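Peer 1: Got a structure here, written out as structure tokens. Questions coming.
No value in this document is a laboratory result; all are computed from the given coordinates. All values derive from a computational prediction rather than experimental measurement. Here the Cβ positions follow ideal geometry from the backbone for every residue, glycine too, while neighbour counts run over all protein chains shown.
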Amino acid sequence: MRKIVLAISLSIFIAFLIAAALLLHPFGYPPSQMDDYIIENTQRETGANSAVTAVVFDYRGFDTLGEATILFTAVTGVIMLFRKKKME
Amino acid sequence: MSKIVRTISNILILFIFIYGLYIIMHGHLTPGGGFQGGAVVASGIALLIVAFGSQNIHKSLKEHHLSTLESSGALIFIGLAFGGIATVFFYNFLVGSPVFGHIPPSGPNAGDIWTGGMIPLMNLAVGLKVFAGLSAILLVMALATSMTEMDE
Amino acid sequence: MTQGAPFNVPFLAVAMLIGIAFYIILSQRNLIKLVMGLGILASGVNLFLITLGYRKGGVAPIYTNAPIEKMVLPVPQALTLTSIVIAVATLALMLSMVVHIYRHTGSVDAEKSRTMKG
């Protein structure tokens, strides 16, 4: 019983995935208006020679702040799980 | 581990540290940056743990040292973000100023390391944070799984 | 390289990776194999993010030696960096929880480690 439900749901899901992969934009011609602006104006506004670092730390620095918070929380959780019992 | 492995890893850890620091500092000129360089330096610490055993490493590198390093990296990052609060949060206030503020000529050019605004300083802060975090995870896990083998 | 193919090959590869990952998550009982399935899912999503931003005949978006007209989009690469770090943090936390479960209940089976009974 469980295997029949698993097989039916998995086949419907994979059919949706393949249909979505075939109906996306053709590979190699992405729609790009925001990135054209970023590529033209990076050296004048930020002064960095690399567009990817400028996007990570200047145009989208707030996402990097959120990611630093996630890393800090994960390290805190791992250290907390491996403490020795000192209860008396 | 044997004597050959310990001697070679003693020599190699210096080169790995310098390589990781090069990737962190040149983040605004070449591919790389804070996250990648921090992962490279943490893999050097993994080499030391494998070669010497986690008990010997734990005698001189405790977890609260790494925790202090990670918290200071996070505080430097937030302090730099608050530096340009006069315009918006996360404003690049060092472009044009003499600290890190040359502006490169448009188009292809050889890179100058004094460009970039506050991006190199943020790279240093994030690299410190990632190195301390990943090393703490590796050290705590290696310590926990080796002690149970010794007890039972 | 894919000039002769009439359909998008990298997107089909991503669909295959995500499908395999979902099959592993839904049908395995060993906890460590479950965590491996989540790792494959994270890799599939990262590959999808990078292949969204490819321009035909493009070069890397570094200004040292490259013409500006044919650069690849830089924003999906920045989002992929963040996603890789988040996947590493999540996998570390999940694996330490699996070690904790093994110490408390003595087995790594998902059916035998339910302690809320009755």
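Peer 1: If I build a Gaussian network model for chain B, linking alpha-carbon pairs within less than 10 angstrom, which residue out of B:F93, B:F35, B:F77 has the largest mean-square fluctuation?
Peer 2: Looking only at B:F93, B:F35, B:F77, the largest GNM fluctuation is found for B:F93.
Peer 1: Which aspartates and glutamates have a Cα less than 17 Å from the Cα of A:K84, not counting those fewer than 8 places away in the same chain?
Peer 2: Leaving aside aspartates and glutamates fewer than 8 places away in the same chain, those within reach of A:K84 are B:E63, B:E149, B:D151, B:E152.
Peer 1: Now for a different question. What is chain C's relative contact order, in percent, from Cα pairs under 8 angstrom and six or more apart in sequence?
Peer 2: Values: 93 pairs, mean separation 29.5, N = 118.
For chain C, the relative contact order is 25 percent.
Peer 1: Quick check for me: using +1 on Lys/Arg Cβ and -1 on Asp/Glu Cβ, what's the dipole size of chain A about its Cα centre, in debye to the nearest 20?
Peer 2: Working: 8 positive and 8 negative charges, 199 e Å.
So the dipole magnitude of chain A works out to roughly 960 debye.
Peer 1: Counting Lys and Arg as +1 and Asp and Glu as -1, what is the net charge of the other residues whose Cβ lies under 12 Å from the Cβ of B:S106? Intermediate values should be presented prior to the final figure.
Peer 2: Working: positive: A:R44; negative: A:E40, A:E45.
Taking every other residue near B:S106 into account, the sum is -1.
Peer 1: Expressed as a rounded percentage, what relative contact order does chain B have, with Cα pairs under 8 Å and six or more residues apart?
Peer 2: Numbers: 183 pairs, mean separation 46.6, N = 152.
After rounding, I find 31 percent.
Peer 1: Okay, moving on. How far is it, in nm, from the label point at C:E111 to the one at C:Y23 when both lie 7 Å from their Cα along the line to the Cβ?
Peer 2: Modelled inter-label distance: 2.1 nm.
Peer 1: Then there is this: Among all the lysines, which ones have a C-alpha under 25 Å from C:K56's C-alpha, if same-chain residues fewer than 8 places away are not counted?
Peer 2: C:K70
Peer 1: Place a point 7 Å from Cα of A:Y37 in the direction of its Cβ. Which residues in region A:58-75 have their backbone N less than 18 Å from it?
Peer 2: A:58-63
Peer 1: Run the helix sum for chain A: -39,500 (n - 2.57) per DSSP H stretch of 4+ residues, divided by residue count, reported at 222 nm to the nearest 500 deg cm²/dmol. The partial results should precede the final answer.
Peer 2: On the way: 4 runs with 59 residues, N = 88.
Value at 222 nm, helices only, nearest 500: -22000 deg cm²/dmol.
Peer 1: Could you order peptides B:21-31, C:57-67 by the average number of other Cβ atoms within 10 Å of their residues, highest first?
Peer 2: Top to bottom by mean Cβ count within 10 Å: B:21-31, C:57-67.
Peer 1: Still on this model: How far apart, in nm, are two points set 7 Å out from the Cα along the Cα-to-Cβ line at A:F82 and at B:S97?
Peer 2: So the two model labels end up 4.0 nm from each other.
Peer 1: Which whole number gives the average count of other chain Cβ atoms within 10 Å of the Cβ atoms across peptide A:62-70? Intermediate values should be presented prior to the final figure.
Peer 2: On the way: counts 3, 4, 11, 6, 2, 9, 14, 1, 5.
Neighbouring Cβ atoms belonging to other protein chains average 6 per residue here.
Peer 1: Using the Karplus equation 6.51 cos²θ - 1.76 cosθ + 1.60 (θ = phi - 60°), what ³J(HN,Hα) coupling, rounded to whole Hz, does each residue of region C:76-85 give in order, writing x for Gly and Pro?
Peer 2: x, 5, 5, 5, 5, 4, 4, 5, 5, 5
Peer 1: Quick check: from the Cα gyration tensor, does region B:45-152 come out rounded (a/c under 1.5), prolate or oblate? Mind dumping the intermediate values first?
Peer 2: Working: a/c = 4.50, a/b = 2.44, b/c = 1.84.
Prolate, because a/c is 1.5 or more and a/b exceeds b/c.
Peer 1: Something else about it: Taking each residue of C:54-64 in turn, how many C-beta atoms of other protein chains fall within 10 Å of its C-beta, and what is the average?
Peer 2: Numbers: counts 4, 5, 5, 1, 2, 0, 4, 11, 10, 15, 9.
Average neighbour count from other chains, rounded to a whole number: 6.
Peer 1: Using a/c under 1.5 as the rounded threshold, could you call the protein assembly as shown rounded, prolate or oblate? The axes a ≥ b ≥ c are square roots of the C-alpha gyration tensor eigenvalues, and prolate needs a/b larger than b/c, oblate otherwise.
Peer 2: Details: a/c = 2.04, a/b = 1.16, b/c = 1.75.
Oblate.
Peer 1: While we're here: How much FRET efficiency would the formula 1/(1 + (r/R0)^6) give for B:F89 and C:A60, where r is the Cβ-Cβ distance and R0 is 22 Å, rounded to 0.05?
Peer 2: Numbers: r = 30 Å, r/R0 = 1.37.
About 0.15, to the nearest 0.05.
Peer 1: For B:T145, project a label point 7 Å along Cα to C-beta. Then give me every residue of region C:76-107 with its amide nitrogen under 15 Å of that point.
Peer 2: Answer for region C:76-107: C:91-103.
Peer 1: For peptide B:51-62, compute the average count of partner chain beta-carbon atoms within 10 Å of each residue's beta-carbon.
Peer 2: On the way: counts 0, 0, 0, 0, 0, 0, 0, 0, 0, 0, 0, 0.
Counting Cβ atoms of other protein chains within 10 Å of each residue's Cβ and averaging gives 0.
Peer 1: Follow-up. Among B:S67, B:S54, B:S97, whose mean-square fluctuation peaks in a Gaussian network model of chain B (Cα, cutoff 10 Å)?
Peer 2: It is B:S97.
Peer 1: Can you tell me which of B:105-118, A:24-37 comes out highest on packing, and rank the rest after it, using the mean Cβ neighbours within 10 Å?
Peer 2: Working: B:105-118: 16.5, A:24-37: 12.8.
Averaged packing, sorted descending, gives the order B:105-118, A:24-37.
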